[in-house]
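**Q** Dumping the structure here so I can ask a few things about it.
The values are calculated or read from the model by the stated rules, or taken from the named source; none is laboratory data. Owing to the predicted nature of the structure, the values given are computational and were not obtained by experimental measurement. Because the Cβ atoms are built from the backbone with ideal geometry, glycine has one as well, and the counts that use them run over all protein chains shown.
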Amino acid sequence: MPADTGVSVADTQLTSPAISSVGVVGAGQMGSGIAHVCALSGLPVILLDVKADALEKALGVIGRNMDRQVGRNLITPIEKAEALGRIATATDYAAFGDTDLVIEAATEKEDVKRAIYKVLTPHLKPSCMIASNTSSISITRLGASTDRAEKFIGMHFMNPVPVMKLVELIRGIATDEPTFQATQALAARLNKITAVSEDFPAFIVNRILVPMINEAVYTLYEGVGSVSAIDSAMRLGANHPMGPLELADFIGLDTCLSIMQVLHDGLSDSKYRPCPLLVKYVEAGWLGRKTNRGFYDYTQTPPRPTR
């Protein structure tokens, strides 16, 4: 039986820092989605990107996604207007000076994330926490590259953020309990359900999902089936809402490759070797929906398989 420390769960929660303002780094698909749900929950949000045009595009996407929610009677036009009014944009990290939590949602490259933290941390107040939306990279390693490993945590949102209910929470070896409790409370405020993962490569969802996608690419590479046959087989035979190759295009083939590389490097197991065809598509710049070409050609309606 564990020793009685004299500290109750309620006491721990009381000492957890309250999150009353959020910063988001990266105005791409994930960053804009995180800003969207935070603003709808009543939190003021600062959305930062180094490119002003990316911020303008993100606000347009957020507005259109909220319009869909209005159309489905999930929110009211007034709630939409109030939420949009809570989102400020910035290109200068100094804008994060008063935020309680900054969520980094940059591309899935460790060197990019480390470079962001180097510029970000000097502008933060000492109590500010940092969460990474990484889908595969070690939280312990990322946290160690900052000046506040104890206030660093993984907060992996699913795509599309306004629709998907899950957030993976990943503690690094140095992450303290108040940071964990605060981010868990934030997820609840965002109406998300959390799954707590240990800090192993790709965590839970992508440890299972992306190798399946990689195996689907191998199935195509080895000529077992066509793009259409593979996706139809998994939609109709396994009741998946989207075939694995269509899903890869939705996620981004570069992201899928990055996750497979993290798994292969981190676990040193040949079963995680990225399929050469996946590598070839990424080298060609065929990254999926975001480039209008991946395993499907999205310049046509309906999209046509490229292989």
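**Q** Go through the range 120-175 and count every residue that is of a type outside the set (A, V, I, L, M), over 11 Å from the mean Cα position of the chain (by Cα) and not in a helix (DSSP H, G or I). Walk me through it before giving the result.
**A** Start the filter on the range 120-175 by keeping residues that are of a type outside the set (A, V, I, L, M), which leaves 121-123, 125-128, 132-136, 138, 140-141, 143, 145-148, 150-152, 154, 156-157, 159-160, 162, 165, 168, 171-172, 175.
The next check asks that each one be over 11 Å from the mean Cα position of the chain (by Cα); those that pass are 121-123, 125-128, 138, 140-141, 143, 145-148, 150-152, 162, 165, 171-172, 175.
Among the residues that remain, those that are also not in a helix (DSSP H, G or I) are: 125-128, 138, 145-148, 152, 162, 165, 171-172, 175.
Residues in the range 120-175 being of a type outside the set (A, V, I, L, M), over 11 Å from the mean Cα position of the chain (by Cα) and not in a helix (DSSP H, G or I): 15 in total.
**Q** Another one. Among the residues of the range 88-112, how many are assigned to a helix (DSSP H, G or I) and either surrounded by fewer than 23 Cβ atoms within 10 Å (Cβ to Cβ) or β-branched (Val, Ile, Thr) (or both)? Please lay out each step first, then the result.
**A** Quick first cut of the range 88-112, residues assigned to a helix (DSSP H, G or I) only: 93-96, 110-112.
Still in the running and either surrounded by fewer than 23 Cβ atoms within 10 Å (Cβ to Cβ) or β-branched (Val, Ile, Thr) (or both): 93-95, 110-112.
Of the residues in that region, 6 qualify.
**Q** Being touching an Asp or Glu at 6+ places or on another chain (Cβ under 8 Å), touching a residue at least 40 places away in the same chain (Cβ under 8 Å) and either aliphatic (A, V, I, L, M) or outside the structural domain of residue 32 (by TED's automatic domain parsing) (or both): is that true of residue 137 here?
**A** So residue 137 passes the test.
**Q** Output the qualifying pairs, or none if there are none: Cβ atoms under 6 angstrom, residues six or more apart or on different chains, first residue in the range 175-189 and surrounded by fewer than 18 Cβ atoms within 10 Å (Cβ to Cβ), second residue modelled with pLDDT of 95 or more and part of a loop (DSSP other than H, G, I, E, B).
**A** Note: pairs meeting the criteria are 189/41.
**Q** Let me ask something additional. Exactly one of these conditions fails for residue 217: (1) β-branched (Val, Ile, Thr); (2) assigned by TED's automatic domain parsing to the domain that holds residue 74; (3) in contact (Cβ under 8 Å) with a residue 24 or more places away in the chain. Give me its number.
**A** (2)
**Q** While we're looking at this one, here's another question. Test of understanding: among 228, 258, 268, which residue is surrounded by fewer than 14 Cβ atoms within 10 Å (Cβ to Cβ) and either hydroxyl-bearing (Ser, Thr, Tyr) or within 18 Å of residue 200 (Cβ to Cβ) (or both)? Show your work before the answer.
**A** Numbers: 228 fails: surrounded by fewer than 14 Cβ atoms within 10 Å (Cβ to Cβ); 258 fails: surrounded by fewer than 14 Cβ atoms within 10 Å (Cβ to Cβ).
Exactly one of 228, 258, 268 is surrounded by fewer than 14 Cβ atoms within 10 Å (Cβ to Cβ) and either hydroxyl-bearing (Ser, Thr, Tyr) or within 18 Å of residue 200 (Cβ to Cβ) (or both), namely 268.
Per-residue answers, yes or no, for (1) of a type outside the set (A, V, I, L, M, F, W, C); (2) in contact (Cβ under 8 Å) with a residue 40 or more places away in the chain:
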| site | (1), (2) |
| --- | --- |
| 18 | no, yes |
| 43 | no, yes |
| 54 | no, no |
| 59 | no, no |
| 68 | yes, no |
| 72 | yes, no |
| 75 | no, no |
| 79 | yes, no |
| 96 | no, yes |
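**Q** Determine which member of the set 67, 49 is crowded, with 19+ Cβ neighbours inside 10 Å and modelled with pLDDT of 95 or more. Write out each step before concluding.
**A** Details: 67 fails: crowded, with 19+ Cβ neighbours inside 10 Å.
Criteria check complete, one pass: 49.
**Q** Can you tell me which residue in the range 196-211 is nearest to residue 142 (Cα to Cα), limited to those that are among the aliphatic types (A, V, I, L, M), crowded, with 16+ Cβ neighbours inside 10 Å and over 13 Å from the mean Cα position of the chain (by Cα)? Break it down stepwise before answering.
**A** Residues of the range 196-211 among the aliphatic types (A, V, I, L, M): 196, 202, 204-205, 208-210.
Retained after the next criterion (residues that are crowded, with 16+ Cβ neighbours inside 10 Å): 202, 204-205, 209-210.
Checking the rest, the ones that are also over 13 Å from the mean Cα position of the chain (by Cα) come to 204, 209-210.
Values: 204: 18, 209: 23, 210: 21 Å.
It comes out as 204.
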